[in-house]
Structures are given as structure tokens and as C-alpha cells.
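Participant: Encoded as C-alpha cells, here's the structure I'll be asking about.
Quick note: the coordinates plus some simple rules give every number you see, no bench work behind them. Note that the coordinates shown come from a computational prediction; the quantities given were computed from them, not determined experimentally. We place every Cβ from the backbone using ideal geometry, glycine too, and count neighbours over all the protein chains shown.
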Amino acid sequence: MNFIFISPNFPENYWNFCAALKRNGVTVFGIGDAPYDNLDNRLRESLTEYYRVNNMEDYDQVYRAVAHFAAKYGRIDWIESNNEYWLEQDARLRTDFNVNTGIKTDKIDSIKEKSEMKKYYAAGGIRTARQIKASDSLDNILKFAYEAGYPLFAKPDIGVGSGGTHKIESEWALREFLNNTPHIHEYVIEEFVTGNICTYDAIINSKGEPMFESMCVCPPSISDIVNYNLDSTYYVQQHINENLRFWGRQTIKAFGVKSRFVHLEFFQLGRAHRGLGNEGDFVALEVNMSPGGGYTPDMINYANSTDVYKIWADMIAFDKTDLAQGEHFYCAFAGLRDGKEFKFSHDDIMAKYGSNMKMVGRIPAALAEAMADKMYMANFSTKALGWREVLEEFAARIGKIVSGSGEPLEAIGISCGGPLDSKRGIVLSPPNLPGWGEVPVGGFFKERFKDILTFED
């Protein structure tokens, strides 16, 4: 089997895919713009031949590289980058060289354009946020905004990561966005959904069946991290949520996914949302026909005591795997930005969590916008309490105090680091409480105690 790996040196951990293929007896070729001598030794050892191009964006150069391998070694069986950025180029190369083990150009729109994804979600009965193209008429967009309500979320119809995204808070901001954004026809506008982003990460065989499944939780969204220059945090769940597993598999069927490593994004609603579901329900966000970015494959490995690089290579070579999973953990990632002061030093962090650490180091500059500048990655057997568990504990302690005093409860005063919405009794997004976005503290205690609740910032 002849396999061409596009840009096998980025991200830097992708050498593992090539090494796993070679161990399975696959002949692996690489095409990239990095000098051969700059490649990781482990990558060089995994490649039968490497073809350097001056510019990966120049299709003619990459085409000639593939033609070179085909002329020298015979028919090409696979062309793959495992990188969302090269998704369209991968499909074009498969089409031009008649490689049938992946998506070709006639199917690329369904997974490239966010507006096209909606059609497949709808056909599969999968809930998604309502959307309109920014190129639609002003009257239709204003009508959509009235029905969906503010804020709205605008993003490129075709895009990687969260570059170019905008949160739109008012009609004035909407008109400003429509009038002043270059290439406005390239954008879509969605109703804003509150909740954590959760991902269904899976390796799918040629029959559309999952060979491996996992789940990530992203308390601050990538768009917030990029747009507000936040530090980054996310984690791999110890065990996949069964409802997420169901909707992940439904999405696989709806899009006809076969022989892929996928990273499917969902909102888990932070509160009930009209037309979408109740608190805790999953709403589809985006399909990514590639592994999660950065170090996500490594985190999945640590969390599941397995090797997704091998499982993926087994799928390529054998369409099955016998690799078992071991003990399960939460694997957490924290990315810190340079130039900020933090409460705890590196030595403090290592003194407390050193035994849990799996990776510590600098993040490559190309990933820094979305992941920050230095990282800590660690395994844990348990998870810190979420906001609901914390509030339940507060409620239990208040109940004990009231019952012990013999006096009726007249009021509860709540103080919390901001930002807050005191009128509605909502904790918005305090930086010291990751994951506490749009938390209805007031409503929670009113429901529990049916009494007067006062707020102070």
C-alpha cells in the first residue's frame, strides 16, 4: 500500500501517524515545505521518500510531487493530511489521481461549508442552531435577528479554527458588521447558543462504524480564546457521555463518514434554549474530518491509556484493530500566555501536580493563537466539581444553618467575582471560575428556598 502524507511535520506530533503506518507495513511518502534536514528523526525514519515543495499553497507544486511518487512507485492508494487546513487540497488530489479512499471534490462542500453542513444535520434529525447567510437580503437578516434574538454569532462559512468570528450584540452592531466587513458573502450568521463545546472524537472504519470513541470538553470556546486573547483550557472526559455518543454516531451516519479520524463539535446547552432543547442537551455545531487540533490526539491517548495513532493506522491497513484501552482518566490541558502574571509559578505547579504531568513545554508559534505559549498537560482520576455541584453544596449548608437556627430564611446575599448580571441573577464569565458561563445563581437559590434573594456585585 502506497500512502502519501501531506505536511507530515505539522503539527509536530503527526510523525506518530507515519510511524504507525510503517509498522503496519505501509509504504509512506511525505510532501511538505520544510527542509528534509529539519524533519524530526522519527519522521524521517518513517518515510520511504520525502518531496519538498517551496509553497504548499501552490497546487501545481503539490500535484507534481504526487505525480513523482506515482511514476516512481506505482498507484497511490491513500492521500491524507489529517489537517483541516488542507482538506480541500486533499480532495482535489484524490480526484485528479483517482484515489478512492477518501473524500473527493464532488463531496467536499458537505464538510467544508458550514451552511452545507446544516442540510445533512437536518436530514439526520440532528438539532443545530438556526443560521442565515450574510449575503442574504438586509430585510431577511433583520427578520432572522428578530426571531433568533441577540446576541448573534457570525463566522466564515469556510474556515479553520475560530479566525474571523464575531459576537454581535445589537442591531446597530449587526448593521456595522454587514456594512464594514470585507468579503461579507463569505460569512454566515447564527443564533447564539450558550453552553460548553463538547467534541465527539472517533476513528471510523470503511463501514461507517466507530473503532474508537472519546470526548473532549472546552469550557472557554476557541473563538473566545482567540478573540479575547485568553489562556486556554480543555480536557478529555474520563468516559464519553452516552447522549453525546448517540448524537456523534447519528452525525456519522448523516454525513456518510467512512475511513476517517473525526472531530465533531457540539454545544451542551447551559440552559434551556427555545427550539433546541433543555439544559444538558447536545446541539450540533460543526463537522471536522480530521483529528482534534494541537495535542488532542496525545491527550486522548493519556486519558484512555491507548494509542490512537496505531488505531488510525490499523484502520488504514486492516480496517480493524485489536488494541485495547486501559485505565481511564481526565486529561487536562492548560495553556498560559506570555506576558501575564499568574498566582502560581512553574515551580508551584510542578510541586503540586508534577506526579500527574504528561507534557510540559512551549507551544509552537503556529498554534499559539488558539492554545497560548506554554502548556501543562496532566492526568487526573477525578474531576473538580462543576457549578451545579458547588451550588448544591452551598444549598445543603444553608439548609443546615436555617434548620439549626429555628428562624425563617428571609434573604440570601450572594457575592461573586464578576462579570455578573445582578438584575437577572446570572454569573456571566468570571475568569477565576472556568466553566461558569451564564450560571443562573439567582434562579437556582430561588427554586431551592422559595424566598427573597438579593444580589451584590
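Participant: Order these peptides, 27-33, 208-214, by their mean beta-carbon neighbour count within 10 angstrom, highest first. Intermediate results must be reported in sequence, preceding the final value.
Facilitator: Working: 27-33: 22.9, 208-214: 18.6.
Going from most to least packed, we get 27-33, 208-214.
Participant: Let me ask another. Cα convex hull of segment 181-255: how many Å³ per residue?
Facilitator: Normalising the Cα hull of segment 181-255 by residue number yields 150 Å³.
Participant: Then there's this: If the only charges are +1 at each Lys and Arg Cβ and -1 at each Asp and Glu Cβ, what is the size of the charge dipole of the chain around the Cα centre, to the nearest 20 debye?
Facilitator: The calculation lands at about 900 debye.
Participant: Compute the Rg to Rh ratio over segment 27-74 from the alpha carbon atoms, using the Kirkwood formula for Rh, and round to two decimal places. Please list the in-between numbers first.
Facilitator: Details: Rg = 10.8 Å, Rh = 11.2 Å.
With Rg and the Kirkwood Rh in hand, the quotient comes to 0.97.
Participant: Rg (Å, one decimal) plus Dmax (Å, integer) for the alpha carbons of segment 387-455?
Facilitator: 12.4, 38
Participant: In segment 96-181, which GluC sites (Glu not before Pro) fall in coil by DSSP and have 14 or fewer other Cβ atoms within 10 Å?
Facilitator: GLU169
Participant: Hey, got the Cα dimensions of segment 210-292 along the principal axes, in Å, largest first?
Facilitator: 37, 29, 24
Participant: Another one. Calculate I(q)/I(0) for the chain by the Debye formula, one identical point scatterer on each C-alpha and no solvent, and give its log10 at q = 0.08 Å⁻¹ to two decimals.
Facilitator: Debye output, listed in q order: -0.53.
Participant: With 10 angstrom as the radius, rank ARG42, ARG249 by how many other C-beta atoms surround their C-beta, starting from the fewest.
Facilitator: By the 10 Å Cβ count, ascending, the order reads ARG42, ARG249.
Participant: Still on this structure: With unit charges on the beta carbons (Lys and Arg positive, Asp and Glu negative) and the dipole taken about the Cα centre of the chain, which residue among GLY208, VAL226, ALA20 sits farthest to the positive side?
Facilitator: It is GLY208.
Participant: Can you compute the equivalent ellipsoid semi-axes for segment 2-106, i.e. the square root of 5 times each eigenvalue of the Cα gyration tensor, sorted largest first and rounded to whole Å?
Facilitator: 19, 15, 13
Participant: Something else now. Sort TYR146, TYR120 so that the residue with the fewest other Cβ atoms within 10 Å of its own Cβ comes first and the one with the most comes last.
Facilitator: Working: TYR146 10, TYR120 19.
The most exposed by this proxy come first: TYR146, TYR120.
Participant: Then there is this: If you fit an axis through the alpha-carbon atoms of helix 387-405 and take the longest principal axis of the Cα set of the chain, what angle between them do you get, 0 to 90°, nearest 10?
Facilitator: Approximately 20 degrees, to the nearest ten.
Participant: Hey, another quick one. Can you give the calculated 222 nm mean residue ellipticity of the chain, where each DSSP H run of n ≥ 4 adds -39,500 (n - 2.57) and the sum is split over every residue, rounded to the nearest 500 deg cm²/dmol?
Facilitator: -10000 deg cm²/dmol
Participant: Please determine, in degrees from 0 to 90 and to the nearest 10, the orientation of helix 138-148 with respect to the longest principal axis defined by the Cα atoms of the chain, where the helix direction is its Cα long axis.
Facilitator: Its long axis makes an angle of about 60 degrees.
Participant: How large is ³J(HN,Hα), in whole Hz, for each residue of segment 119-133 in order, when computed from phi with the Karplus curve 6.51 cos²θ - 1.76 cosθ + 1.60 and θ = phi - 60°, using x for Gly and Pro?
Facilitator: For segment 119-133, the Karplus curve yields 5, 6, 4, 4, 4, x, x, 9, 6, 9, 5, 5, 8, 9, 6 Hz.
Participant: Counting pairs of Cα atoms in segment 195-380, how many percent are more than 25 Å apart?
Facilitator: Working: 6507 of 17205 pairs.
In whole percent, the long-distance tail amounts to 38.
Participant: Another question, then. With unit charges on the beta carbon (Lys/Arg positive, Asp/Glu negative), name the residue among LEU178, TYR330, VAL99 whose Cα is farthest towards the positive pole of the charge dipole of the chain.
Facilitator: VAL99
Participant: Ok, one more. When the Kirkwood hydrodynamic radius is evaluated over all pairs of different C-alpha atoms of segment 260-349, what value in angstrom, to one decimal, is obtained?
Facilitator: The answer is 16.6 Å.
Participant: Just want the answer: with Cβ charges of +1 for Lys and Arg and -1 for Asp and Glu, which residue in ILE132, GLN250, MET350 is farthest toward the dipole's positive end in the chain?
Facilitator: GLN250
Participant: OK, next. From the C-alpha coordinates alone, can you work out the Kirkwood hydrodynamic radius of segment 130-191, in Å?
Facilitator: 11.4
Participant: Moving to a separate point now. Using the structure shown, list the pairs from LYS22/LYS107; LYS107/LYS258; LYS118/LYS155; LYS72/LYS258; LYS352/LYS400 with a Cα-Cα distance above 23 Å, or answer none.
Facilitator: On the way: LYS22/LYS107 29 Å; LYS107/LYS258 13 Å; LYS118/LYS155 14 Å; LYS72/LYS258 29 Å; LYS352/LYS400 33 Å.
Those over the limit are LYS22/LYS107; LYS72/LYS258; LYS352/LYS400.
Participant: Going by C-beta contacts inside 10 Å, put ILE168, ILE316 in order with the fewest on the left.
Facilitator: ILE168, ILE316
Participant: Then there's this: Quick one: Debye curve from the alpha-carbon atoms of segment 42-171 only, equal weights, vacuum; give me log10 I(q)/I(0) at q = 0.16 Å⁻¹ to two decimals.
Facilitator: -0.92
Participant: Which whole-Hz ³J(HN,Hα) couplings does segment 366-371 yield from phi under the Karplus relation 6.51 cos²θ - 1.76 cosθ + 1.60, θ = phi - 60°, glycine and proline marked x?
Facilitator: Karplus-based 3J(HN,Hα) across segment 366-371 equals 5, 9, 5, 4, 8, 10 Hz.
Participant: I need the shape label for segment 68-141. Rule: rounded when a/c is under 1.5, else prolate if a/b > b/c, else oblate, with a, b, c from the alpha carbon gyration tensor.
Facilitator: Here segment 68-141 falls in the prolate category.
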